[in-house]
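Comments concern the structure below.
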Amino acid sequence: MNVPFVDLYAQYLTIKADIDGAIADVIRQSAFIRSKHVTDFESQWANTVGVRHCVSCANGTDAIYIVMRGLGLKPGDEVITTAHSWISTSETITQAGGRVVFCDTDRETFTIDPKQIESKITPRTVGIIPVHLYGQPADMDPILEIAAKRGLWVIEDCAQAHLAEYKGRQVGTMGTAATFSFYPGKNLGAMGDAGCLVTNDSKLASWSELYARHGGKGEHTIEGINSRLDGLHAAILSAKLPHLRGWTAERQRIAARYDELFAKVPGVERPAIAAGRTHVFHLYVIRVKDRNGLQKHLNSRGVSTMLNYPRALPFYPAYSYLGHTPADFPVASDHQDRILSLPIYPEMTDEMIRYVVECVAEHQAR
Ligand SMILES: *Cc1c(COP(=O)(O)O)cnc(C)c1O
């Protein structure tokens, strides 16, 4: 059997008529740029998240960058973020003119460890970017408390966590602003790059919109950038949006099934869900001792896996200038060698889930 890591074509087939209709509609109206499809999706997404403003942009990376520019990041300003994420979270800090300050993660949830944030704060610190990694919210209450006490802003990186909740609050509603990615493989994905920022701050929203659209049309009040959501992607996202809750429930059901089956497999640490949080399982990440051996075995049995991510951020060459050692981030550096992401997507069959677990069990029994 072959189990792909994700199967976007299988998802397309389940809603083919809606997607084809949405695409045809955009083409018929030549509504490729800044069309009603875009503003419609923006208001649908703001409603879904439960925030006042959604500003769409070209991808989830731009969204983080745009928000930081909007928050007035100045050269030398320090921004604290997690040692364990996709590089978008930290590279945008540098692009926006700031300095990256990494913080270690929590052993169970892989998200930023709030207990260590205070020790990273200096007079130059201006903000914190927690990431709701793999689909589970970061521990927001202590993060927001530190931010309020120290006058820092908070940007939630929600790229992997559409609809996830922390103590009854949806991700994207808690920080100063939040960013989403609609990269094809994300829980809600376009058919190309797409993203947005959301916020209840009207000023930040209107500045961000201006900045992302060349600083204004006709009258350029500032110099901006070109970061737009294409009409085609907006229409595709609107067609997919009604399915997001159902797809999320499917991801959660598959994760629960994996959990149940892995309970009997020795040496497999299953993902933990912290009290008061929901997990939307963008990724199902296990921890094992011989991760590379297991990945090789699964590959030989037709099961695709991923490393999210092969290294903790501070240990990539891009950050060698910071001179970090594993002792600076004991949890993230331990996780980088033991994590393995298994296939999880709504269209997976029970036969596939059982096959994946069976192949893992074969390796663990060796
Ligand atoms: C995917 C992702 C992003 C960026 O999204 P793009 O749309 O690919 O630019 C940012 N942060 C995290 C944690 C992500 O997983």
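Observations, loosely collected:
- Checking the cross-link pairs 186/264; 36/186; 74/120; 115/149 against a 22 Å limit on the alpha carbon distance flags 186/264; 36/186 as lying beyond it.
- Projecting label points 7 angstrom from Cα along Cα→Cβ for residue 5 and residue 260 puts them 2.8 nm apart.
- Simple label model, 7 Å out from Cα along Cβ direction - residue 325 to residue 149, nm: 3.0
- Cα-based Rg and Dmax for segment 53-181, where Dmax is the largest Cα-Cα distance (Å): 13.1, 37
- Note on segment 69-143: the alpha carbon radius of gyration divided by the globular reference 2.2 N^0.38 Å gives 1.05.
- Share of carbon and sulfur in the accessible heavy-atom surface of segment 196-248 [1.4 Å probe, %]: 51
- Entry for segment 209-284 at q = 0.26, 0.28 Å⁻¹: log10 I(q)/I(0) = -1.14, -1.21, Debye formula applied to identical alpha-carbon scatterers, no solvent contribution.
- Solvent-accessible area per residue, Å², over segment 105-153 with all protein chains present [probe radius 1.4 Å]: 39
- Per residue, the convex hull spanned by the Cα atoms of segment 260-304 amounts to 103 cubic angstrom.
- Counting only protein heavy atoms and a 1.4 Å probe, segment 224-366 has 43 square angstrom of accessible area per residue.
- Signed unit charges on C-beta, dipole axis of segment 307-366, positive-most listed residue 310, 346, 361: 310
- Extension gain, residue 225 back to residue 337 (0.36 nm per residue minus Cα-Cα distance, nm): 36.5 nm
- Applying the criteria of a DSSP loop state and at most 15 other Cβ atoms within 10 Å to the GluC sites (Glu not before Pro) of segment 74-147 yields 108.
- Rounded to the nearest 20, the Cβ-based charge dipole of segment 176-301 about its Cα centre (Lys and Arg +1, Asp and Glu -1) stands at 660 debye.
- q = 0.06 Å⁻¹: log10 I(q)/I(0) that the Debye formula gives for the chain, counting C-alpha atoms only: -0.22
- Solvent-accessible surface (1.4 angstrom probe) belonging to residue 337, in square angstrom, nearest 10: 80
- Net charge contributed by nearby residues that have their C-beta within less than 13 Å of residue 259 (K/R +1, D/E -1): +3
- Whole-number Å³ per residue for the convex hull built on Cα positions in segment 243-364: 137
- Segment 50-150 - percent of accessible surface contributed by carbon and sulfur, probe 1.4 Å: 50
- Computed helical MRE - 222 nm, the chain, DSSP H runs ≥ 4 contributing -39500 (n - 2.57), nearest 500: -11500 deg cm²/dmol
- DSSP beta bridge pairing in segment 8-242, given as percent antiparallel to the nearest 5: 45
- Charge dipole of the chain (Cα centre as origin; +1 on each Lys and Arg Cβ, -1 on each Asp and Glu Cβ, all else neutral): 80 debye, rounded to the nearest 20.
The values are calculated or read from the model by the stated rules, or taken from the named source; none is laboratory data. No experiment lies behind these values; they were computed from the predicted model shown. Counting neighbours? That spans all protein chains shown, and the Cβs are built from the backbone with ideal geometry, glycine included. Heads up: the accessible areas ignore ligands, DNA and RNA and are worked out on the full protein's heavy atoms, side chains in. Shrake-Rupley method; radii C 1.70, N 1.55, O 1.52, S 1.80 Å.
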